[in-house]
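These notes concern the structure reproduced below.
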Amino acid sequence: MNIKTGVKGISRNMESFLYCIGFSELGSMVDLPSQGYDVIVGSTPSKLILMKDYREHPNVYVKAHNSTAAGRYQILNRYAVAYQKSLNLPDFGPESQDRIAIQLIRECKALDDVENGRIETALTKCRSRWASLPGAGYGQNENKLSDLVRKFKEAVQHGDL
């Protein structure tokens, strides 16, 4: 398990929470050598669909999922473009994806919850941003809260920071 992110100076709790979100969105693909930063929606561990580079969001529409989601946090193209501009990000690389995810967590008013270890509360607050979180209500596969809390705790304890 490698929870290292592209953003320097963030707390172990934030790195672990970002890992947890990535795990929720990608499952075991978050543990690929790329940490899932290059994964396009519709990928499975046995059939990966990967971005060729990080210059920009790939904007690949996958009809079966009615989605353009890509990267570790499965960010839709329209949001990636908007956040890239508002956060002055140079590309869609790992650091940029992490910064977008942190901004989404901030907008959900969950930063203090993450930093103080109130992970159930943080996940609940962030469910409007990630369809895989419990109670998101987007009609996609939602993970169990207990499984995500366990993954967060494992990341805090075993992450190689």
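The values are calculated or read from the model by the stated rules, or taken from the named source; none is laboratory data. Everything quoted here is computed from the prediction, not taken from an experiment. Here the Cβ is made from the backbone with ideal geometry for all residues, glycine too, and neighbour counts use every protein chain on show.
What number of residues within the range 58-76 satisfy the criterion of being basic (Lys, Arg) and under 20 Å from Gln103 (Cα atoms)? Looking only at that region, the number is 1. When residues in the range 22-31 are screened for being out of contact with any Leu (no Cβ under 8 Å at 6 or more places or on another chain) and either surrounded by 14 or more Cβ atoms within 10 Å (Cβ to Cβ) or among the hydrophobic types (A, V, I, L, M, F, W, C) (or both), 6 of them pass. Just one of (1) of a type outside the set (Asp, Glu); (2) touching a helix residue (DSSP H, G or I) at 6+ places or on another chain (Cβ under 7 Å); (3) crowded, with 21+ Cβ neighbours inside 10 Å fails for Gly42. It is (3). Considering (1) part of a helix (DSSP H, G or I); (2) more than 18 Å from Ser24 (Cα to Cα); (3) out of contact with any helix residue (DSSP H, G or I) (no Cβ under 7 Å at 6 or more places or on another chain), the lone condition that Tyr83 does not fulfil carries the number (3).
Selection within the range 12-58: residues that are among the basic types (Lys, Arg) and assigned to a loop (DSSP other than H, G, I, E, B). The member of this set that is farthest from Lys144 (Cα to Cα) is Arg55. When you scan the range 103-117, do you find a residue that is out of contact with any helix residue (DSSP H, G or I) (no Cβ under 7 Å at 6 or more places or on another chain), among the acidic types (Asp, Glu) and modelled with pLDDT of 95 or more, even just one? Yes, because at least one residue in the range 103-117 is out of contact with any helix residue (DSSP H, G or I) (no Cβ under 7 Å at 6 or more places or on another chain), among the acidic types (Asp, Glu) and modelled with pLDDT of 95 or more. Applying a threshold of 8 Å to beta carbon distances and a minimum spacing of six or more residues, or different chains, the list of pairs starting in the range 40-69 at a residue that is at positive phi and ending at one that is of a type outside the set (Gly, Ala, Ser) and assigned to a loop (DSSP other than H, G, I, E, B) reads Gly42/Ile49; Asn59/Thr68.
From (1) in contact with a helix residue (DSSP H, G or I) (Cβ under 7 Å, 6 or more places away or on another chain); (2) modelled with pLDDT of 95 or more; (3) hydrophobic (A, V, I, L, M, F, W, C); (4) buried (at least 17 other Cβ atoms within 10 Å of the Cβ), pick out the condition that doesn't hold for Met51. Met51 satisfies all of (1) in contact with a helix residue (DSSP H, G or I) (Cβ under 7 Å, 6 or more places away or on another chain); (2) modelled with pLDDT of 95 or more; (3) hydrophobic (A, V, I, L, M, F, W, C); (4) buried (at least 17 other Cβ atoms within 10 Å of the Cβ) except (1). Of the residues examined, Tyr73 is not one that is more than 16 Å from the chain's Cα centre (by Cα), of a type in the set (Phe, Trp, Tyr) and assigned to a loop (DSSP other than H, G, I, E, B). With (1) modelled with pLDDT of 95 or more; (2) in a helix (DSSP H, G or I) as the list, and Arg129 as the residue in question, which single condition is left unmet? Of everything listed in (1) modelled with pLDDT of 95 or more; (2) in a helix (DSSP H, G or I), Arg129 misses just condition (2).
When Arg72, Arg78 are checked against the criterion of being of a type in the set (Lys, Arg) and crowded, with 22+ Cβ neighbours inside 10 Å, Arg72 stands alone in meeting it. Of all residues in the range 7-21, those being surrounded by 16 or more Cβ atoms within 10 Å (Cβ to Cβ) and among the small types (Gly, Ala, Ser) number 1.
Evaluate the following for Gly9: is it modelled with pLDDT under 95, farther than 19 Å from Lys151 by Cα and either in contact with a His (Cβ under 9 Å, 6 or more places away or on another chain) or not β-branched (Val, Ile, Thr) (or both)? Criteria met by Gly9. Note on the range 99-123: residues that are more than 17 Å from Ile75 (Cα to Cα) and assigned to a loop (DSSP other than H, G, I, E, B) amount to 5.
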